[in-house]
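Structure, as structure tokens:
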């Protein structure tokens, strides 16, 4: 799992107006709209159903330690989407019990290996890696005015990149993958083909960036895409942390770069969990 730092998430929820305005400029939708597009459900209906959910974020202290403010940031995102959001006062098993005892519908918690949303009543789990990849693929689809019949490259073949590739294919894209580890890239292509996704690999990073204008940057490297490789029609959805563009590259891609450290992934987790729940 991508290792966030406290400074990456410190400001989440401080200025939702500015965040939503930027997302609207880039994708034509707000956070709820991007997540609903990822889940394939109507935005207004999703908003109504999210408002009925009690969502609890539970702090965890195992592994490499607590990311300061993580659960609070998760709860802020859920609250922004209209959920009845809470951050457990206790951590670990005590926090999990606190959430259950207070009637949680969904419980969000993370350790070094997984960040998940658990719907215990329905025995369903939504993994953040898959949700984040799906959410950013949906964002790229909106940015590009549709991916049907177009070719994209996914850089990074971890869980987020694989999920992004599968989601992009569901939006009609032809998918190419690149990873600094060729064996991992080949395995990802084979796995996607077994899922019915027609995917191929790109041998070198120069070919990946020069031949493709629609990019999902799902690595954890800070210098994946140099400014010189960003063209006037390049659009980048970048779930990777740290962001794989330096300051000059970010400036060059302004208005055509979709990136945040947590918001789209969490919103998509909640909306995918919602979509799996039967309507009453």
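Laboratory data are not the source of any read-out in this text; all were calculated from the coordinates shown. What you see is a predicted model, and the numbers here were worked out from it, not measured in a lab. Neighbour counts are summed over all protein chains in view; Cβ atoms, including those assigned to glycine, are modelled from backbone coordinates with ideal geometry.
To the nearest ten degrees, helix 92-101 and the longest principal axis of the Cα atoms of the chain are 60 degrees apart.
Which peptide among 249-259, 42-52 comes first, and what is the full order, when sorted by highest mean count of other Cβ atoms within 10 Å?
249-259, 42-52
Who wins for biggest fluctuation among 265, 240, 103 in a Gaussian network model of the chain, springs between alpha carbons below 10 Å? With Cα springs under 10 Å in the chain, the top fluctuation among 265, 240, 103 is at 103. Please say if region 104-188 is rounded, prolate or oblate, where rounded means a/c under 1.5 for a ≥ b ≥ c the square roots of the C-alpha gyration tensor eigenvalues, and otherwise the choice is prolate for a/b larger than b/c and oblate otherwise? Oblate is the answer for region 104-188, as a/c is 1.5 or above yet b/c matches or exceeds a/b.
Between the Cα long axis of helix 70-80 and the first principal axis of the chain there is an angle of about 90°, rounded to the nearest 10. Ranking of 115, 171, 100 by neighbouring Cβ atoms within 10 Å, starting from the fewest: 100, 171, 115. Of all the options 168, 138, 227, the one that moves most in a Gaussian network model of the chain with Cα springs shorter than 10 angstrom is 227. Taking the longest Cα principal axis of the chain as reference, the axis of helix 263-276 is set at about 70 degrees. Site pair residue 51 and residue 210 shows an inter-label distance of 5.4 nm when each label is modelled 7 Å from Cα along Cα→Cβ.
When shorter helices are ignored and each DSSP H run of at least 4 residues is given -39500 (n - 2.57), the per-residue value for the chain at 222 nm works out to -12500 deg cm²/dmol. Largest GNM mean-square fluctuation across 203, 131, 237, computed for the chain with C-alpha springs under 10 Å, falls on 203. Under the classification rounded if a/c is under 1.5, otherwise prolate if a/b is larger than b/c and oblate if not, where does region 139-220 fall, given a ≥ b ≥ c as square roots of the Cα gyration tensor eigenvalues? The shape class here is oblate. Using the Cβ-Cβ distance between residue 15 and residue 220 with R0 set to 30 Å, the FRET efficiency from 1/(1 + (r/R0)^6) comes to roughly 0.70. Sorted from longest to shortest, the spans of the Cα atoms of the chain along the three principal axes equal 54, 40, 39 Å. With Cα atoms defining each centre, region 125-143 and region 184-211 are spaced 18 Å apart in the structure.
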